[in-house]
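We did not get these values from a lab; they are worked out from the coordinates using the rules stated. No experiment lies behind these values; they were computed from the predicted model shown. As a convention, Cβ positions derive from the backbone with ideal geometry for all residues, glycine included, and neighbour counts pool all protein chains shown.
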Amino acid sequence: MSTDDKRRLALEKSMKEHNYEESALLEILHRAQEIYGYLDKELLMDIAQSLHLPPSHVFGVATFYSYFKLKRPGQHVITGCLGTACYVKGVDEIMRAIEKEYNIKRGESTPDGKLSLLVTRCIGACAMAPAIVVDDEMIAKATKEVVLQKIKEVLGGDKPESR
Amino acid sequence: MGDAIVTLKIDGVEVHVPEGTMILKAAKDNGIIIPTLCNLEGLTPYGGCRLCLVEISGSPKLFAACITPVSSGMEVTTQSEKLKEYRKMAVQLLLAEKSHVCSVCVANDHCELQSLANELGVDHTMFERNFTKEEIDSTHDFLVIDRNRCILCTRCIRVCDEIEGVHTLDLRMRGKDAQIIMDLDNKWVNSCSCTSCRKCAKVCPVGAIYIEGEPVGHTKHKEIAEFITERRQRKCK
Amino acid sequence: MEATSLNLADIQKIAEQEVDFERAYKYRINVCCSSGCVPLGALKVLKAFEDAVKELGVEKECKVARTGCPGTCAVGPAVMIEPGDYLYQNVTPEKAREIVRDHVVLGLPVKEMLYKNEAFYKKQQRLVLRNAGKIDPQRIQDYIAMGGYSAIVKCLATMTPQGVIYEVSTSGLRGRGGAGFPTGQKWGLVARAHSKPKYIVANLDEGDPGVFANRTLAEADPHAILEGMLIAAYAIGAEKGYLYIRSEYPLAIQTLQKAIAQARSISLLGDNILETGFKFDVELRFGAGAFVAGEETAILASVEGRRAMPRPRPPYPANSGLWGKPTLIQNVETLANIPLIIQNGGVWFSKIGTPRCTGTKCFSLTGKTKNPGLIEVPMGITLREVVFDIGGGVPEGRKFKAVLVGGPSGGCLPDTLLELPVDYDSLTRVGAIMGSGGIVVLDDKSCMVDTAKFFTEFCVDESCGRCTPCRAGLIRIKEIFDGITQGDARVEDITTLEKAGVYIRDASLCGLGQTAPNPVLTTLRYFKDEYLEHIQDKKCRAGKCFKNKEEEV
Ligand SMILES: Cc1cc2nc3c(=O)[nH]c(=O)nc-3n(C[C@H](O)[C@H](O)[C@H](O)COP(=O)(O)O)c2cc1C
Ligand code: SF4
Ligand code: SF4
Ligand code: SF4
Ligand code: FES
Ligand code: FES
Ligand code: FES
């Protein structure tokens with residue numbers, strides 16, 4: 001079975017578990033994002049048809065919540081917390097340093113898809129603000145130097161293409 | 001809705017209406033007109049535009065007349081300095097939000113926002129105006145959407161869903177980024193669900209959805225409400 | 001654990017067994033493995049303690065437990081050794097062995113590593129967080145041994161639903177999610193609603209950026225929330241509950257999933273709870289990054305799988321909530337108070353805090369404070385006590401400037417208001433709100449204009465877009481702030497800010513818009529001189545503003 005079929009099967013299973021109920025749309029979008037990494041239009045149409053929902057409704061829900069990604073994220077994802085505690089502790093400066101270093105803006109990816117810089121609002125690590133997540137690993141009490149070093153490490157030498 | 005009749009006062013006038021009636025309707029049935037934008041009789045009230053705000057004695061808060069049901073002994077004020085200020089503010093904010101240039105708009109002279117601005121005497125906005133540059137979608141045979149004029153009242157969404165029953169339209173994103181979309185944010189011509197019924201163009205209070213080549217004054221005839229009510233009743237039978 | 005059907009008396013038996021089992025141990029090492037400490041290496045510390053206990057041959061008298069957060073997150077990984085509640089800070093795997101050797105084997109606590117700040121706990125009163133950092137949240141027996149689930153047993157065995165509501169009303173408990181609505185009254189409304197089925201939605205959306213109180217509670221003591229839901233369900237006659245949690249909290253989600261599974265396995269959730277015929281089950285629902293989804297009508301839309309747009313009230317959720325059925329929406333901290341009220345009585349609870357605001361409140365204390373962390377204080381404590389006694393004041397010798405209470409829609413309060421008691425009504429009077437429990441301390445390096453701008457930006461991003469004031473108004477406020485902080489503003493802009501702020505507050509449909517101008521209005525009220533300085537002298541005394549432009553040029 002191809003990976004595509006396997007993924008589709010996993011999604012189907014999840015929809016079946018929820019009896020194809022309309023109200024399970026959010027759970028299913030969560031699951032779909034887990035399986036596919038992001039939600040493209042084809043996938044959303046598939047979900048709309050399976051749950052018998054108008055496509056515009058599904059698109060509306062998927063874009064209302066900022067957790068759902070409609071574009072393929074970069075290979076490496078950096079997420080800066082822009083919650084109050086982190087802001088007060090100067091996360092903005094770290095973000096600006098990353099933006100400058102990799103010539104990338106918040107919410108964007110480098111053209112070669114190597115690196116994405118995302119923002120979130122509070123990941124609950126406020127007592128150790130500022131917090132920055134580099135590929136699933138959280139850096140607490142982050143500083144510019146530590147974060148830039150860490151990004152360099154995960155990128156493993158090759159500097160992503162800048163625009 | 002019960003059969004019980006409720007007595008209340010609107011602008012000092014005693015009115016009697018069935019229980020469950022919204023203040024807006026109670027007022028209208030008694031000849032008192034409250035400004036509105038998002039409300040349209042026959043569609044589920046939305047409570048979004050906040051033009052219909054009224055005061056109710058005994059409460060420091062303001063209430064949207066289109067979504068607040070009457071209750072016995074209520075005393076409603078629909079006109080006051082503060083309310084006028086607030087209505088002007090809402091119109092100013094809507095004008096400042098997108099590119100509203102009446103002189104070049106298809107709906108010039110047939111626009112509910114424009115006539116409200118005139119009625120309330122809004123001749124300038126205290127905010128920097130924001131001229132949006134959304135692409136106009138005129139791919140459909142005759143329906144056009146210009147999102148630069150949309151005030152997000154969602155009348156089109158509601159009429160498409162509740163009356164036409166196809167739910168082609170919805171909103172994408174949220175807050176300031178919210179926009180009307182067709183299906184999966186497709187171009188209109190590619191919509192797989194639209195029946196081209198024109199209802200959305202009929203209910204749009206401004207010049208955001210219109211019919212190409214048809215004078216807007218013709219599209220937006222005054223009897224939309226009756227039209228909808230009639231469709232509703234037909235559906236029920 | 002296998003699914004077994006227990007009855008009311010069995011809970012007591014489990015508790016007794018567990019207490020006996022615990023008694024065999026002389027020491028108990030509680031390693032905080034909550035979200036704060038894990039990134040600092042808590043899991044390695046846990047392993048090091050387990051190894052050290054074995055190597056030093058004290059595993060029979062010393063238990064190592066994986067627990068939730070004791071509140072001192074800034075100095076994590078934190079480890080507490082019982083008896084005596086010795087709290088060790090910044091523990092590393094290397095230090096673990098030393099601690100076991102000295103403290104457990106020799107009986108000599110390692111003084112240098114102890115958390116020294118006594119004041120941190122002294123003014124706190126930990127009721128909701130009674131078990132936090134002391135029990136293993138992944139073991140239901142731990143909770144039961146602490147008297148857990150005895151309250152629902154008491155309800156089922158001896159109390160009528162009306163009796164339960166009466167106790168909750170007597171306690172004076174008010175909702176901890178922000179608005180402070182009397183909980184007993186809300187239960188009464190839902191209980192009296194005619195239609196069926198009825199639902200409960202437990203609110204763990206905690207969208208306020210900079211607040212982690214609910215998350216910490218869920219990670220430390222998930223069963224307290226579940227027991228609260230059970231009691232509420234019994235009182236109002238609900239059969240199904242949804243626990244809505246943000247997806248940004250993976251560890252809390254795991255902990256709750258496990259807790260629900262364990263509760264089901266011993267028939268504390270399910271079709272025939274403790275063989276009494278009472279039926280209730282809980283399902284988790286996940287948020288997806290929308291602050292407004294915490295609003296009570298928006299959370300309903302979200303649970304139903306729709307866009308989280310608040311809708312007008314009436315109808316109130318108590319009459320028409322999920323799928324048009326009566327629904328009780330309650331914050332998880334509110335729910336965690338319930339078992340205590342049932343165990344000790346409403347009268348007992350009503351004596352804690354102030355007469356109008358009873359009980360305690362959890363706050364996450366962050367920003368420029370010496371002791372950031374999670375605290376629980378009696379209502380009516382003053383801001384000064386929180387900021388200076390518990391928080392230890394401002395670090396690095398800087399000067400206190402303001403305290404932000406209530407998250408992004410709270411208020412910025414100056415030092416002249418430090419004597420203000422922390423309760424719903426006092427905070428509202430000065431333009432702030434209780435919110436879901438965030439206190440952020442600002443020092444003289446923070447710019448008040450920049451702070452107000454930051455919060456406005458947050459609300460612009462989080463507005464659902466339904467109503468004009470909030471959607472079309474906040475963005476204009478933000479633009480004016482951009483002007484002020486970049487040297488492109490006029491004094492009249494202050495009037496525009498004020499006017500627009502008041503309008504948005506009064507005219508918005510839901511709580512988000514109604515409270516979003518609070519930071520703007522409070523900073524204008526208490527720090528107007530800073531605005532004028534920015535506009536007239538193009539000067540920012542904190543050195544924050546007028547930067548972006550230069551950089552871009
Ligand atoms: C914009 C907005 C966000 C909210 N977010 C939360 C939240 O994250 N958690 C919460 O418990 N209540 C939140 N609330 C309050 C809820 O609407 C509701 O009042 C509360 O959950 C009721 O529970 P309680 O009575 O136990 O406080 C929010 C309200 C608003 C207006
Ligand atoms: S033309 Fe009719 S079906 Fe098509 S979008 Fe408009 S209302 Fe909906
Ligand atoms: S297109 Fe017209 S009807 Fe639809 S939301 Fe915009 S203004 Fe309202
Ligand atoms: S106040 Fe803001 S969040 Fe609330 S309904 Fe209006 S637009 Fe939506
Ligand atoms: S504000 Fe950044 S983790 Fe909470
Ligand atoms: S008409 Fe009432 S809010 Fe728009
Ligand atoms: S998370 Fe470990 S002390 Fe708070």
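Each eigenvalue of the Cα gyration tensor of chain C, multiplied by 5 and square-rooted, gives one semi-axis; in descending order these are 40, 32, 19 Å.
Between the Cα long axis of helix C:332-344 and the first principal axis of chain C there is an angle of about 40°, rounded to the nearest 10. For B:Lys61, a cut-off of 20 angstrom between C-alpha atoms picks up these aspartates and glutamates, skipping any fewer than 8 places away in its own chain: B:Asp11, B:Glu75, B:Glu81, B:Glu85, C:Glu295, C:Glu296, C:Asp425, C:Glu498, C:Asp506. Between the C-alpha center of segment C:252-318 and that of segment C:113-179 there is a gap of 20 Å.
DSSP loop (so not H, G, I, E, B), at most 10 other Cβ within 10 Å: list which GluC sites (Glu not before Pro) in segment B:24-76 pass both filters. Answer in residue order: no site qualifies. Close amide H contacts of C:Lys368 (hydrogens built in the peptide plane, cut-off under 5 Å, sequence separation of 5 or more or a different chain): C:Val441, C:Leu442, C:Asp443.
What is the distance in Å between the Cα centres of segment C:345-409 and segment A:92-151? Answer, in whole Å: 31. When you filter the trypsin sites (Lys or Arg not before Pro) in segment B:94-140 for DSSP loop state and at most 11 other Cβ atoms inside 10 Å of their Cβ, you are left with B:Lys133. Seen from a random direction on average, the alpha-carbon convex hull of segment C:167-232 projects onto 5.3 square nanometres. Against the main long axis of the alpha-carbon atoms of chain C, helix C:250-265 sits at an angle near 40°. As a rough guide to protection, the peptides C:244-255, C:536-547 ranked by mean Cβ packing within 10 Å, highest first, stand as C:244-255, C:536-547. Taken along its three principal axes, the alpha carbon spread of segment C:179-312 comes to 42, 34, 27 Å, from the longest extent down to the shortest. Between A:Glu22 and B:Thr195, the FRET efficiency from the beta-carbon distance, with R0 = 22 Å, is close to 0.50. Taken over the alpha carbons of the protein assembly as shown as equal point scatterers, the Debye sum produces base-10 log I(q)/I(0) values at 0.04, 0.05, 0.07 Å⁻¹ of -0.19, -0.31, -0.61. Partner lysines whose Cα lies under 22 Å from the Cα of C:Lys60, excluding those fewer than 8 positions away in the same chain, are identified as C:Lys26, C:Lys44, C:Lys47, C:Lys95, C:Lys134. Legend: residue pairs B:Lys176/C:Lys528; A:Lys152/C:Lys399; C:Lys368/C:Lys478; A:Lys16/C:Lys325; C:Lys123/C:Lys499, Cα-Cα distance threshold 30 Å; pairs beyond threshold, A:Lys152/C:Lys399; C:Lys123/C:Lys499. Each stretch of four or more DSSP H residues adds -39500 (n - 2.57); spread over every residue of the protein assembly as shown, this sum gives -10500 deg cm²/dmol at 222 nm. Taking a ≥ b ≥ c as the square roots of the eigenvalues of the Cα gyration tensor, segment C:25-117 is prolate, since a/c reaches 1.5 or more and a/b is larger than b/c.
Classified by the C-alpha gyration tensor, segment B:1-144 has a prolate form. Its axis ratio a/c, with a ≥ b ≥ c, is 1.5 or above, and a/b is larger than b/c. Using the empirical formula 2.2 N^0.38 Å as the baseline, the Cα radius of gyration of segment A:76-155 reaches a ratio of 0.97. For GluC sites (Glu not before Pro), the sites in segment A:10-107 that DSSP calls loop and that have at most 15 other Cβ atoms within 10 Å are A:Glu21.
Near the amide H of B:Glu134, within less than 5 Å, lie the amide hydrogens of B:Asn148, all on another chain or at least 5 residues away, with H placed in the peptide plane.
Here the mean projected area of the convex hull built on the C-alpha positions of segment C:398-522 is 7.7 nm².
Between C:Leu43 and C:Asp444, full extension at 0.36 nm per residue minus the direct alpha carbon distance yields a gain of 140.6 nm. Treating r as the C-beta distance of B:Lys9 and B:Val166 and R0 as 41 Å, the FRET efficiency rounds to 0.45.
Checked against a 21 Å cut-off, the cross-linked pairs B:Lys133/B:Lys187; C:Lys13/C:Lys198; C:Lys122/C:Lys370; A:Lys100/C:Lys547 give Cα-Cα distances beyond that limit for C:Lys13/C:Lys198. Can you spot the aspartates and glutamates whose alpha carbon is less than 17 Å from A:Lys144's alpha carbon? Ignore those fewer than 8 places along the same chain. Correct list for A:Lys144: A:Asp92, A:Glu93, A:Glu99, A:Glu101, A:Asp135, A:Glu153. The distance from the alpha carbon centre of segment C:453-518 to that of segment B:1-71 is 28 Å, rounded to a whole number. Here the peptides C:304-311, B:105-112 are ranked by packing, the mean other Cβ count within 10 Å, and the order with the highest first is C:304-311, B:105-112.
Does anyone have the angle between helix C:474-485 and the longest principal axis of chain C? Alpha-carbon axes, 0 to 90°, nearest 10? It works out to around 70 degrees. If you wrap segment A:3-64's Cα atoms in a convex hull and average its projection over all directions, what's the area in nm²? For the Cα atoms of segment A:3-64, the hull's average projected area reads 3.6 nm².
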